[in-house]
Amino acid sequence: FAYAFPKGIAIFFKEIQDFFGTSYSEIAWVSSITLATTYGAGPISSILVNRYGSRPVVMFGGLLCGIGMVSAAFCTSILQLYICVGFITGFGLALNLQPSVIIIGKYFLKRRPIANGLAMAGSPVMLCTLAPLNQFLFDNFGWRGSFLILGAVLLNCCVAGALFRPIKVAKESVKKQMEEEKEAPKEEVTKVSIEMSNPAYTPAETKTEEEEKKDCCEKINQYLDFSLFKHRGFLIYLIGNVLMFLGFFAPIVFLAPYAKHIGIDEYSAAFLLSILAIVDMIARPATGIIANSKWVRPRIQYFFSFSIAFNGACHLLCPLASGYTGLVIYSIFFGLAFGMVCAMLFETLMDLVGAARFTSAVGLVTIVECCTILLGPPIGGTLIDTFGDYKYMFIKCGAVMVLAGTFLFIMNYYNYRMLAKEEKERKAKEEDPKIVRTENEGRSNWNKETQQDGPELEPLRDEREGLKMEVNGT
């Protein structure tokens, strides 16, 4: 639901555009706001998952999706559609997407790429059903009636959320934490008595501003680990993805309207999305299996970079497809490339930061990416409005994605080289215990000496330091 829905509603765009008399770029904002909210609300979703767990968050998300789409059925302007479909439904989908990805990392380790690939296959299964279903609903009930029915369909997210079973290990850790909290008051009493018996004890009535700031930072870091911005691999992934999303969603949003524009009937245009989704459905688990193999998994970042560049190459070649047969071939290759990227999107992030920091990483990545996700489809719509031709939109998306894939490939090569160098240095230190021992002994001796010597022995300490430097041959 979370991935397929913003793409599936593109079926109604041509008719809604005629109904409200809007341009391509204005109608494209509906999908882009939905996608941007789905991604941008990532940190909120991550915080809620850390606080309450996956199950209640997904159920609440499903409820929001239903409310958003039902209220969209009564909209009288394009601005109201932005709020109902874009923000309300988008936020509900965000509360579905994050917990679904996070819970896989908690359940799987050894076969995680396969598990991610299979889970991500849910999106194309939904999309290949949703595209023809939306066209059928529109023909029978109009776009308002269709939105009412889709609102009811999205309430099934609540059922899916109810099946997100919490892990027993988590319960045990919560019990331990509660026991520790009960024992904490006793420990505090003994600590206070020890402090008061100390002659140097001075009562602190209030915390200093620095301590309060530290406490605040610690609370934030419980949910979102901002130290990830110092992580080299995370930054490379983030920059590459931000660039990629400028051209990632626009082609799928405009594929059906493009087919209608060149004179293809509505059902054939909707069927292009179904073809894309069927290929995507096969590509995701297959990519997961390949990514889990012993040859690919150690260098999975290269495979991800290739997938993005391949996706871009498909869009660059799309303008050559003039008839329906050409668009079918494009849809097959686009489905394959799209499935490859989606299957590894979160797996590569987990490979870089590890399962422990993954929840925070997803939240931070999605909020940064939402800016380019928001701008991608409207920029494509503006190019169509300006030139009156779809080919410039496809060329722009293709060029951006090829650039992103190339950037990731080069930077991941650099990252792997640096990691190998760091590992080599670490092993060299471990293999030579004399260096470590002498360093530790020297440090401990120096600490003892500095503690024993008072300020009145300053000249003697300087003299001793000079002798020590001579002995060490400095």
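FYI, it's all coordinate maths here, none of it is from the lab. In this text, all values refer to a predicted model and were calculated from it rather than measured experimentally. Every residue, glycine as well, gets a Cβ built from its backbone with ideal geometry; the counts of neighbours run over all protein chains shown.
Taking Cα pairs under 8 Å and at least six residues apart, what relative contact order does segment 227-420 come out at, in percent? Spell out each step's value before the answer.
Numbers: 231 pairs, mean separation 80.0, N = 194.
It comes to 41 percent, rounded to a whole number.
If I model a spin label as a point 7 Å beyond the Cα along the Cα-Cβ vector, how far apart are those points for PHE19 and LYS110 in nm?
According to this spin-label approximation, the distance is 5.2 nm.
Work out the FRET efficiency for LYS230 and TYR267 from their Cβ-Cβ distance, taking R0 = 60 Å, and round it to the nearest 0.05.
Efficiency computed from Cβ-Cβ geometry: 0.70.
How high is the FRET efficiency from ILE410 to VAL125, r the C-beta distance, R0 25 Å, rounded to 0.05? The partial results should precede the final answer.
Numbers: r = 35 Å, r/R0 = 1.41.
With R0 = 25 Å, the Cβ-Cβ based efficiency is 0.10.
Pairs of Cα atoms under 8 Å, at least six residues apart: use those to get the relative contact order of segment 1-165, whole percent. Numbers along the way, then the final one.
On the way: 226 pairs, mean separation 63.8, N = 165.
Value for segment 1-165: 39 percent.
From the phi of every residue in segment 309-317, what ³J(HN,Hα) in whole Hz does the Karplus formula 6.51 cos²θ - 1.76 cosθ + 1.60 yield, where θ is phi - 60° and glycine or proline is x?
Karplus-based 3J(HN,Hα) across segment 309-317 equals 5, 5, 4, x, 4, 4, 5, 5, 8 Hz.
Given the Cα-Cα distance of ALA355 and ALA160 and 0.36 nm per residue of separation, how much length would full extension add, in nm?
67.9 nm
Rounded, prolate or oblate: which fits segment 271-388 when a ≥ b ≥ c are the square roots of the eigenvalues of the alpha-carbon gyration tensor, with rounded for a/c under 1.5 and prolate only if a/b beats b/c?
Verdict is oblate for segment 271-388.
Counting only the backbone N, which residues of segment 399-417 are under 20 Å from the spot 7 Å out from the Cα of GLU430 toward its beta-carbon?
Residues 416-417 qualify, since their backbone N sits under 20 Å from the label point.
Here are some pairs, LYS110/LYS429; LYS14/LYS391; LYS106/LYS230; LYS294/LYS429; which of them have Cα atoms lying more than 20 Å apart in this structure?
Distance filter (> 20 Å) returns LYS110/LYS429; LYS106/LYS230; LYS294/LYS429.
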